[in-house]
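Working notes, structure below.
Quick note: the coordinates plus some simple rules give every number you see, no bench work behind them. Remember, predicted model here, so these are calculated numbers, not experimental data. Because the Cβ atoms are built from the backbone with ideal geometry, glycine has one as well, and the counts that use them run over all protein chains shown.
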Amino acid sequence: MPPQGQTILTQKKTPTMAILWLIWAGSLVSLIVYLWICHYFHEQLRIPVEAPVIAIRTGFYCLVIILFPVIRGLKNRMIKPYSKTRRPGNPKISGFHRYLMGICLALALAEIIALLGLILLIIGDDIPTFYIFIGLSALAMLIHRPQAIELQALLDADKQH
């Protein structure tokens, strides 16, 4: 039991949030790697394709606009506390593991935004468009970063059920 005034997450030796922050940092590092590779090698990455780049870019922007609320909805659905009327046969997954899955799903979907920008760059779009998609991906990762308050609320709700 944690000392008075402390939660499980604020104890010094609990690796819970460290794991989540490490996963989040790894996602951000992947964006930095994309930036580095594309900044220095974007001419070599291009594949001459006769494609309507503007139409594809517009479609990708629409997809990103749709993806932002979808990420939020899926993450919230994954991490919501169990109800008292759980169907029999469904195993109860711990609050930390549900939160971990929700964070990983949100970060993976945010990574897709960067990959869309990379696809555009490869088929012939310009580098500023790639930077916009990387920025949107970083924004999604920032919005859905691990938060101790969210995790603690989920763990507290699990204790009550």
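Worth pointing out:
- Hey, LEU63 free of Cβ contacts under 8 Å to residues at least 60 places away in the same chain, out of contact with any Lys or Arg (no Cβ under 7 Å at 6 or more places or on another chain), farther than 16 Å from TRP24 by Cα and not aromatic (Phe, Trp, Tyr) or not: yes
- Filtered residues of region 105-130 (kept if assigned to a helix (DSSP H, G or I) and without any contact (Cβ under 8 Å) to a residue 12 or more places away in the chain): ALA108, LEU115, PRO128
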